[in-house]
Amino acid sequence: MITIIDQLAPTDEAELSELLTAASEDRQPLRILGGGTRTETKHIAGTPLDVSAISGIVTYEPGEMTLIARAGTPLPEIEAMLEAEGQSLAFEPPDLRGVLGGRGIPTIGGAIAANASGPRRIRTGACRDHLLGLRFVDGQGRILRNGGRVMKNVTGLDLSRLLCGSHGTLGILTEVAIKTLPHAQARATLGFHGTDELRALGIFSKALATPYEVSGAAFLDGTAWLRIEGLPPQVEYRQQRLLEMFGAHDIQTLDGAGTRELWRGLRDVTHFAGDLPLWRILVKPTDAPAATARLRDLGGRVSLDWGGGLIWYCGPGEASSLRQIAPHATLVRRGGVPGPAFPPEAAAITRLSQELRRRFDPAGILNPGLMDS
C-alpha cells in the first residue's frame with residue numbers, strides 16, 4: 001500500500017485511492033494542488049497533494065460533442081484540440097494567472113472544482129451546466145463514478161453538480177465528461193461609452209431581452225460592452241438590429257479580432273492585475289448600481305460582468321465592510337486582507353455542507369478549513 005510518506009504525487013486514480021485511504025486512516029490533512037494557478041488553498045495547513053499527473057484525453061467525439069478527460073489535463077491542450085474541430089468549451093473558463101500571479105497551467109479539473117464560468121454564462125450557463133459526468137476519489141479513498149456521457153443520462157446528475165464548485169472538499173476529481181459546443185465562426189462587440197452602472201444595467205436589460213442572443217454583457221471604466229456571436233450572416237444581422245435599437249447612443253463597434261482580445265481580458269480580469277485585494281461578488285443585477293456605488297466609497301475600482309450579476313471589486317476594505325454591502329463576496333486575491341476568503345453560509349446550508357463532508361470525508365482530510373480560511 002502507498003503511504004503518505006512514499007507518494008504525494010499520484011500518477012493515476014488507483015494510486016490516489018490508496019494514498020487517500022492511508023491519509024484517512026492517519027487523519028493526515030491534505031492540501032490539494034492541481035495546475036498550481038489558484039490561491040484558495042494557500043493558507044491550509046495540510047500536506048501538499050499534487051494531482052496534476054492524472055492527465056490526458058480519454059476520448060473525444062466531435063460528432064457527439066462529448067469530451068472525456070482526466071482532471072489534470074491542461075485547459076490550453078483541451079481548447080486547442082476543440083478549436084481544431086471547430087468546437088469550444090461554451091462556459092468559457094477564466095484564466096486568473098494574471099491576477100493571482102500563478103505560474104502553473106490551468107486544468108480542466110480545477111475549472112470544474114471551482115465552477116469557473118466566464119462572460120458567456122449569461123447565454124450558455126455555468127460550468128456545471130456542461131458537466132455530463134465525472135469520476136472522483138473521496139476522503140475515504142473510495143473511487144466513485146457519477147453521471148454519464150450524454151445529457152439524457154441523468155443518473156446521479158445532482159452529485160456531479162455537487163462536486164462542481166466544491167473546491168476539493170468532498171473529493172478529488174480524476175475524470176470528467178463535458179458537453180462541447182460549436183465554436184463561434186464570427187463575433188462582434190458594441191461599446192457604449194460615457195455610461196455609469198445604472199445606465200449600463202439599462203442597456204444590458206434591453207439587449208438581453210431581445211432575440212439577438214447577446215453572449216456577453218460587461219461594464220468597465222465608463223463603457224458598457226455587448227458581445228454577439230454566431231454565423232457571419234447572423235452576427236451581421238444582430239449587430240445591425242442592435243445598432244438600430246440603440247440609435248441614440250454613440251456606439252463603438254469591434255470586429256472579430258478586437259472582440260476576442262477585449263473579452264479575453266474581461267474574462268480573465270486582467271484590468272485588475274496587481275497586488276490590491278480583489279473580490280468576486282455575486283448580486284442580483286438590479287442591485288448592482290447601488291452596490292457598486294457603496295463599493296466605490298471604500299476607495300477602489302469596480303467592473304461588471306454577467307449583465308450586472310457579477311461585480312469585481314479591486315481596492316481597500318475589510319471583509320466585514322464588503323459583506324455588509326454584498327453578502328456573497330469571495331476574496332480572490334488577499335492583498336493583506338485577513339479572515340475567511342469565502343462568504344459565510346446560512347445556518348441551514350452550513351448544516352447541509354457539514355453533513356455532506358462527513359459522508360464523503362469523515363476524517364476531514366481534504367482541504368480542511370478551506371471555507372473558513
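Table for the structure above
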{"read-out": "Within the stretch 64-97, tally of residues that are free of Cβ contacts under 8 Å to residues at least 60 places away in the same chain, among the hydrophobic types (A, V, I, L, M, F, W, C) and part of a loop (DSSP other than H, G, I, E, B)", "value": "1"}
{"read-out": "Selected residue (criterion: most open to solvent (accessible area, probe 1.4 Å)) from residues of the stretch 277-314 that are closer than 12 Å to Ile325 by Cα and either in the same structural domain as Gly202 (by TED's automatic domain parsing) or touching a residue at least 60 places away in the same chain (Cβ under 8 Å) (or both)", "value": "Ala293"}
{"read-out": "Scan of the stretch 228-260 for residues that are among the aliphatic types (A, V, I, L, M) and either assigned to a helix (DSSP H, G or I) or at pLDDT 95 or above (or both), ordered by number", "value": "Ile228, Leu231, Val235, Leu242, Leu243, Met245, Leu254, Ala257"}
{"read-out": "Some residue of the stretch 261-276 being among the charged types (D, E, K, R), surrounded by 14 or more Cβ atoms within 10 Å (Cβ to Cβ), touching an Asp or Glu at 6+ places or on another chain (Cβ under 8 Å) and assigned to a strand (DSSP E or B)", "value": "no"}
{"read-out": "Members of the stretch 41-60 found to be in a loop (DSSP other than H, G, I, E, B), over 21 Å from Ala23 (Cβ atoms) and open to solvent by 40 Å² or more (accessible area, probe 1.4 Å), listed by number", "value": "Ser55"}
{"read-out": "Residue in the stretch 323-331 that is open to solvent by 50 Å² or more (accessible area, probe 1.4 Å), over 30 Å from Ile203 (Cβ atoms) and not assigned by TED's automatic domain parsing to the domain that holds His43 present", "value": "no"}
{"read-out": "Residues satisfying the stated conditions in the stretch 141-171, i.e. at pLDDT 75 or above, under 19 Å from Leu67 (Cα atoms) and open to solvent by less than 30 Å² (accessible area, probe 1.4 Å)", "value": "Asn146, Gly147, Ser160, Leu163, Cys164"}
{"read-out": "In the stretch 77-131, residue nearest to Ser215 (Cα to Cα) [restricted to those that are more than 10 Å from the chain's Cα centre (by Cα) and of a type in the set (Ser, Thr, Tyr)]", "value": "Thr124"}
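The values are calculated or read from the model by the stated rules, or taken from the named source; none is laboratory data. Since the model is a prediction, treat every value here as computed from it, not as a measurement. Backbone-built Cβ (ideal geometry, glycine too); neighbour counts: all protein chains shown. With ligands, DNA and RNA removed, areas are computed over all heavy atoms of the protein, side chains included. Shrake-Rupley method; radii C 1.70, N 1.55, O 1.52, S 1.80 Å.
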